[in-house]
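Reviewing the structure listed below.
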Amino acid sequence: MKLELRHDRNYIKWLSAIKNKVQQAQLKAAVKVNTELLMLYWELGADIVAKQAEAKWGDGFLLQLSKDLTSEFQDMKGFSERNLKYIRQWYLFYNKNKVISQQAVGQIGQQLVAQLNLHTIVQQAVGQITQIPWGHNIVIITKCKNIKEALYYIQNTITHNWSRSILVHQIESGLYKREGKAVSNFALTLPKPQSDLAIQTLKDPYIFDFLSMTKDYNERDLENALIGHITKFLLELGAGFSYLGKQVPLKVSDREFFIDLLFYHINLHCYVIIELKAVDFEPEHAGKMNFYLKAVDSQLRSKQDAPTIGILICKKKDKLIAEYALSDIKKPIGVSEYRLTHSLPKRFKSNLPTIKEIESELSGEMGLKKK
């Protein structure tokens, strides 16, 4: 009977639904516990700040409080002196210039929005401040310069389910300042709200600091290096990009042309062409991209797909030249720069040992040790 049930389609479907319900309940419970914990931290932070302002208990105040709370609640973590300092810092970060008074965390959103006149996307994030883990909160308050930037990363952490390491990477790469900053004609060539989403999808510059390139690289070298690090490349591109291929052939008349990189964007519901240029942006780059967009729309795009988008990623660009080049083009194109912060001079790179040499050396040393 057990074996029959394990192969019964109706039972398998029902079991899957039960598992999903359990997982959802576990998730809700975890979120609720996290929310309650952060509300406790918020009130504790407010109390600490108030007591330090009115009572003369000296510098050992937090250390003594840590010892007393840890002794009383031995099964509960979070009362170390270091964490109490973070709790105080967290409260003060959102309480700068007395924007927020002592209040429940759930009320933070209304005052912040009213007094700071924040952007709509930020407003949605404010009320969700307790929905990210405490470790994420510590990263945000220690690495962000102001409340608006912090709320940007809170919203994106919730939306994209970033791990703490990915959150750190996004903050350190300056995503807040780069997103939606590229030159494009999206507002003129795409309908709303797709144009707004497409604009936010672009970054300027793109940071390819995971690559080690010589000074004498070309587009194909850059393309191969990016595909070799496809996971990190997709992370830098942002959520929604699905990689389809490189050097994708397009036949027009009797000639064959090749797209550097082809993606499909799940949220925009469209193909995305990325052309890499190891040189500064030139107006003719926009013309060739326009040609590629026409070809993809004619040959690959279905009725369900939105217009194909083109992204030119160049070594450098002159903003005015890029704007002129895109002004009369009817196809959606964006122009961004890229940055290689860890590029290696050729003379250094040639002197570095290869992976094979390192492995050979290590295996030799291990062999000696075994003897």
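The values are calculated or read from the model by the stated rules, or taken from the named source; none is laboratory data. Given the structure is predicted, the values throughout are model-derived calculations rather than measurements. Cβ sites come from the backbone with ideal geometry, for glycine too, and all protein chains shown count toward neighbours.
Some notes on this structure:
- Subset of segment 127-162 that is surrounded by 15 or more Cβ atoms within 10 Å (Cβ to Cβ) and not in a helix (DSSP H, G or I) - its residue that is modelled with the highest pLDDT: Cys144
- With respect to (1) at pLDDT below 95; (2) of a type in the set (Val, Ile, Thr); (3) crowded, with 17+ Cβ neighbours inside 10 Å; (4) over 19 Å from Cys314 (Cβ atoms), the lone exception for Ile207 is condition (4).
- Unmet criterion (only one of (1) under 15 Å from the mean Cα position of the chain (by Cα); (2) without any contact (Cβ under 8 Å) to a residue 60 or more places away in the chain) for Pro205: (2)
- One residue from Ser195, Ser242, Ser165, Ser212 being part of a loop (DSSP other than H, G, I, E, B), polar (S, T, N, Q) and either out of contact with any Lys or Arg (no Cβ under 9 Å at 6 or more places or on another chain) or within 27 Å of Gly310 (Cα to Cα) (or both): Ser212
- Segment 283-301 residues that are in contact (Cβ under 8 Å) with a residue 40 or more places away in the chain, paired with ones that are aromatic (Phe, Trp, Tyr) (beta carbon under 9 Å, 6 or more apart): Pro283/Tyr324; Tyr292/Phe257; Leu293/Tyr271; Ala295/Phe257; Val296/Tyr271
- Extreme residue, nearest to Ser336 (Cα to Cα), among residues of segment 173-190 that are at pLDDT 90 or above and touching a helix residue (DSSP H, G or I) at 6+ places or on another chain (Cβ under 7 Å): Val183
- Unmet criterion (only one of (1) without any contact (Cβ under 8 Å) to a residue 60 or more places away in the chain; (2) not aromatic (Phe, Trp, Tyr); (3) not in a helix (DSSP H, G or I)) for Lys177: (3)
- So Asp221, is it of a type in the set (D, E, K, R), under 30 Å from Ile171 (Cβ atoms) and assigned to a helix (DSSP H, G or I): yes
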